């Protein structure tokens, strides 16, 4: 695992490391996080090992666009309107059971990394599973959009009531 302070100079290095299957520790717009290539199963296994996280617990997914989400899971028109209002931002959205929640972070370097890398990244907080995140910060709010109405799974940086209102306005 490598800790990366993302700068213009080392962005290319980070992309090379991700392509090589590395797990990186990076700053985000919420808490420090671990990231790796979404499609690299050995990198995913390494992330679980580093975190000492049970494999039954799924990981979140950073994406650069809603179009990228649609390559992985179906997105309804209402869900898409909701996502367009909360992203980029501190809201992780579960769109299909058994697949981690998606998020477009509001962090210019992570967004640039996502674009340069050219694909989704598995993401989780940089800590041992069950411990507080390293370096403080407030985690994203996690909302399940798989049912008729949104269900707040974890209230974090964005209040659940605010997300409920956005959902209602997304009809």
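So the values come out like this:
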| read-out | value |
| --- | --- |
| Length-normalised contact order of the stretch 2-169 in % [C-alpha pairs under 8 Å, at least 6 apart] | 26 percent |
| Segment residue 138-residue 162, extension gain: residue separation times 0.36 nm, minus the distance between their alpha carbons | 7.0 nm |
| DSSP beta bridges in the stretch 48-171 [antiparallel fraction, %, rounded to 5] | 55 percent |
| Most mobile of 64, 14, 161 in a GNM of the chain (Cα contacts under 10 Å) | 161 |
| The stretch 124-150 versus the stretch 18-66: alpha-carbon centroid distance in Å | 13 Å |
| Per-pair calculated FRET efficiency, R0 = 41 Å: residue 25 and residue 171 via Cβ, rounded to 0.05 | 0.55 |
| Degrees separating the helix 77-86 axis from the principal Cα axis of the chain, which is the longest one | 60 degrees |
| Crossing angle, helix 160-169 versus the chain [Cα axis fit, 0-90 degrees, rounded to tens] | 60 degrees |
| Helix 41-51 axis, angle to the chain major axis (alpha carbon atoms, nearest 10°) | 90 degrees |
| Calculated Rg and Dmax of the Cα atoms in Å (choose from [x] 20.2, 66; [y] 16.3, 47; [z] 15.3, 45), label | [z] |
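Values quoted throughout were computed directly from the atomic coordinates according to the rules given, and no laboratory measurement underlies them. Keep in mind it's a predicted model, so treat the numbers as computed, not measured. Note that we place each Cβ from the backbone using ideal geometry, even for glycine, and neighbour counts take in every protein chain shown.
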